[in-house]
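The values are calculated or read from the model by the stated rules, or taken from the named source; none is laboratory data. It should be emphasised that the depicted structure is a prediction, and the values quoted were computed from it without experimental measurement. In this analysis, Cβ positions are derived from the backbone assuming ideal geometry, glycine residues included, and neighbour counts consider all displayed protein chains. Heavy atoms of the whole protein, side chains included, go into the accessibility calculation; ligands, DNA and RNA do not. Shrake-Rupley method; radii C 1.70, N 1.55, O 1.52, S 1.80 Å.
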Amino acid sequence: MTAFPVRRLRRLRQSPALRRLLAETDLSPRRLVLPVFVKEDIAEAQPIASMPGVHQYPLAQLAAVVDEAAEAGIGGIMLFGVPAVRDAVGSGATDPDGILNRAIAVAARAAAGRLTVQADLCLDEFTDHGHCGVLAADGSVDNDATLEVYARMALAQAEAGADILGLSGMMDGQVAACRAALDAAGRSDVVILAYSAKYASAFYGPFRDAVESTLTGDRRTYQLDAANGREGVQEALADIDEGADIVMVKPAGPYLDVLAEVAAVSSVPVWAYQVSGEYAMIEHAAAAGVIDRERAIGESILGIRRAGAEAILTYWAIEVAGWLREGRALA
């Protein structure tokens, strides 16, 4: 590098036009995905207290949400179901009349190809114990019995019209089980998004309010330890070997190092989920007047994109898409 004063790095930062021209990281609405919660047996949208601005929607309002998302130009919506009744094996997850499968069908019709309809494929929202799988007699999560249910869920969600299945349960072999079931049923067209590096995180707290989780205890026997980065990369590579079309790192912000490492070695697209706790921290801090809300949102999402995420699940997807269309700087 040429020595100072000939080499002056600040030269390239001196105006908004120069900074815009030389920005290394770009973001566009198509790279954003909106998580959407659909609750059974409600008539109006209900606010989620721990996530200001986020709601549980009744099925009757879902088409309007899809329309707004499509008009914003974002890449997709990720659907989560909140059932009225739960049981030990999560029966509502495989029932064609279950709330999530009905929501998929409504969203697919409303989307009409304008954006992708994605569905969470996990049992935690449907079990009365709140775990992501079927329990064995000793109370542990039975990995292989759970795979059988996941395979049925994959077929039910594909039949309902989902474009992308978000496998978020962190069971060993879940990608292979769902891919085999889909292919055997002639549904090789359905995309599998593997939540590969999903960490046992405190940042999921508000999400559990959103889906009214019944979990007691934790998910540390199947979600990743926060101390482990290499293990997250191994999980992603294993899922790719099993046939995952896309791999995910979740949460995003606290695990940017893992995201960058996965992006560096992955042969498939890499996404990240900016989870409920990341969202809530910024919203509550901004409401307290201690940070600039818009700049903090933009900086957090740009950081995830810079680390290697090719798409980002974020509760700000529609709002940020609007900023991008207006040409506003994100940070």
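The single condition among (1) of a type outside the set (V, I, T); (2) open to solvent by 40 Å² or more (accessible area, probe 1.4 Å); (3) modelled with pLDDT of 95 or more that A49 does not meet is (3).
The sole residue among A197, A158 that is open to solvent by less than 20 Å² (accessible area, probe 1.4 Å), farther than 16 Å from C132 by Cα, touching a Lys or Arg at 6+ places or on another chain (Cβ under 9 Å) and not basic (K, R) is A158. Of everything listed in (1) in a helix (DSSP H, G or I); (2) polar (S, T, N, Q); (3) in contact with a strand residue (DSSP E or B) (Cβ under 6 Å, 6 or more places away or on another chain), the single unmet condition for Q61 is (3). The single residue among A112, A88 that is open to solvent by 50 Å² or more (accessible area, probe 1.4 Å) and on the phi > 0 side of the Ramachandran plot turns out to be A112.
Considering the conditions (1) surrounded by 14 or more Cβ atoms within 10 Å (Cβ to Cβ); (2) over 15 Å from A162 (Cβ atoms); (3) touching a Phe, Trp or Tyr at 6+ places or on another chain (Cβ under 8 Å); (4) not polar (S, T, N, Q), V38 is excluded by exactly one of them, (2).
The sole residue among R305, R328, R295 that is of a type outside the set (V, I, T), open to solvent by 20 Å² or more (accessible area, probe 1.4 Å) and modelled with pLDDT under 95 is R328. Kindly indicate whether L121 is open to solvent by less than 10 Å² (accessible area, probe 1.4 Å) and at pLDDT 95 or above. Judged against the criteria, L121 is a match.
Number of residues in segment 264-273 that are touching a helix residue (DSSP H, G or I) at 6+ places or on another chain (Cβ under 7 Å), open to solvent by 60 Å² or more (accessible area, probe 1.4 Å) and not in a loop (DSSP other than H, G, I, E, B): the value is 1. Of all positions in segment 233-248, none carries a residue that is within 22 Å of Q46 (Cα to Cα), under 14 Å from the mean Cα position of the chain (by Cα), modelled with pLDDT of 95 or more and not in a helix (DSSP H, G or I).
Within segment 274-321, the set of residues being hydrophobic (A, V, I, L, M, F, W, C), in contact with a helix residue (DSSP H, G or I) (Cβ under 9 Å, 6 or more places away or on another chain) and outside any helix (DSSP H, G or I) comprises V275, I291, A307, A309, A311, I312, W316. The combined condition, being loosely packed, with under 12 Cβ neighbours inside 10 Å and either in a loop (DSSP other than H, G, I, E, B) or touching a strand residue (DSSP E or B) at 6+ places or on another chain (Cβ under 6 Å) (or both), is not fulfilled by A17. Here R30 does not fit the description of being modelled with pLDDT under 95 and either open to solvent by 70 Å² or more (accessible area, probe 1.4 Å) or assigned to a helix (DSSP H, G or I) (or both).
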